[in-house]
Amino acid sequence: RTIKDLGSAPATISIVRGKVNIGTSQEDLEFLSQAEDLKKISIRDFGPAIAKDSSGGTTVAGTLLTANIAGIKVMATGGIGGVHRRSTHDVSTDLIQLSRTPMILVCAGAKSILDLPATLEKLETLGIPVIGYKTDEFPAFYSKYSGLPVSARADSSMEVVKIAKAHWNMGMKSTILVVAPPPDDVAMDQQVLEAVIDETLDELEANNIKGQDVTPYLLNAVKEKTMGRSLTANLGLLKNNASIAAKIAIDHAGSGKLSA
């Protein structure tokens, strides 16, 4: 609704019963909100999910792959994956896919449960521009502040489009990562979050939770320990990101075809 009200067209990406949806129907959205045994589908999981008629949501990497195939240039999400805390070997596929997909992705930074300095270093290594939308600081997902800088700043949606065009015209194939802080009315205190995250990481190690199960466990635990405040923040930043992405998509459409 947020995207449509701004004059853009949303296309929610999912897999339902083995079918890849680029634009998910209301019926399928309701099915996904209630069904059990749903899969978390990244780029390695499409083949098995399609062949076995599975259903689920796509990760940032999975959504980038699918949207790019469909010719979509602008994507909105909550936060990207990255380098996990206490494990420099646990790195999200999102970062690799960002490095090879020429799109514009709007998010609230990387999920605050991650190692943000290491994630930013990895983004730099992979040549992915991190553009602060009306900010000079990399947001920490639920929180506006991380103390970490972005690689460049843009103060309008059209400026983002110009940066993307210049980047791709130089022969680069990576995503333009646009990071926007959560709105003031939902943003959380980073120090409070850090205490909750550290406690939850101890639980992960005690329960030997690894791989794709780490992020869902962490997010759910943070939601419970903040008495739902993190969920409120998540929904608020999602709408904010969708609004920014809609404006960028409109400016992109009006600027002529961008090179990629």
Hey, rough spin-label estimate for E199 and Y217, points 7 angstrom out along Cα→Cβ, what's it come to in nanometres? 1.7
What's the ranking of 162-173, 222-233, 93-104 by average number of surrounding C-beta atoms within 10 Å, highest first? 93-104, 222-233, 162-173
Per-q log10 I(q)/I(0), the chain, q = 0.08, 0.09, 0.15 Å⁻¹ (Debye; single scatterer per alpha-carbon; no solvent): -0.30, -0.38, -1.14
Positive end of the charge dipole of the range 186-230 (Lys, Arg +1 and Asp, Glu -1 on Cβ, about the Cα centre): tell me which of S230, Q191, N208 has its Cα farthest that way. S230
In Å, the Kirkwood estimate of hydrodynamic radius for the range 59-121 over Cα pairs equals 12.0
Rg/Rh ratio calculated on Cα atoms of the range 130-260 (Kirkwood radius): 1.06
Inter-label distance, nm, simple model (7 Å from Cα along the C-beta direction), S25/T12: 1.4
Once the mean 1/r over all distinct Cα pairs of the range 118-164 is inverted, what Kirkwood radius in angstroms do you read off? 11.2
When all C-alpha to C-alpha distances in the range 1-131 are sorted into bins of 10 Å, what percent of pairs does each bin hold, rounded to whole numbers? 12, 40, 35, 14, 0
Distance between modelled label sites at R44 and Q191, nm, 7 Å Cα→Cβ extension: 4.0
How much length is gained if the chain between A152 and N208 is pulled fully straight, taking 0.36 nm per residue apart and subtracting their Cα-Cα distance, in nm to one decimal? 16.3 nm
About its Cα centre, what dipole magnitude does the chain give when the only charges are +1 on Lys and Arg Cβ and -1 on Asp and Glu Cβ, stated in debye to the nearest 20? 1040
Grab the alpha carbons of the range 96-177, take their convex hull, and tell me the volume per residue in Å³. 81
Take the Cα atoms of the range 178-229, find their three principal axes, and give me the spread along each one in whole Å, biggest first. 36, 25, 17
Once neighbouring chains are kept in place and the probe is 1.4 Å, which whole percent of the accessible area of the range 153-227 is contributed by carbon and sulfur? 52
Sum -39500 (n - 2.57) across every DSSP H segment of at least 4 residues in the chain, then divide by the residue count to get the 222 nm mean residue ellipticity, nearest 500. -13500 deg cm²/dmol
May I ask for the distance between the Cα centers of the range 185-260 and the range 37-88, given as a whole number of Å? 15
Using 0.36 nm times the number of residues separating E121 and E36, minus their current alpha carbon distance, what extension gain do you get? 26.9 nm
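The values are calculated or read from the model by the stated rules, or taken from the named source; none is laboratory data. A quick note: this is a predicted structure, and the numbers were derived from the prediction, not measured. Methodologically, a virtual Cβ is constructed for each residue, glycine included, from the backbone with ideal geometry; neighbour enumeration extends over all protein chains shown. Areas reflect the complete protein model, heavy atoms only, side chains present, ligands, DNA and RNA absent. Shrake-Rupley method; radii C 1.70, N 1.55, O 1.52, S 1.80 Å.
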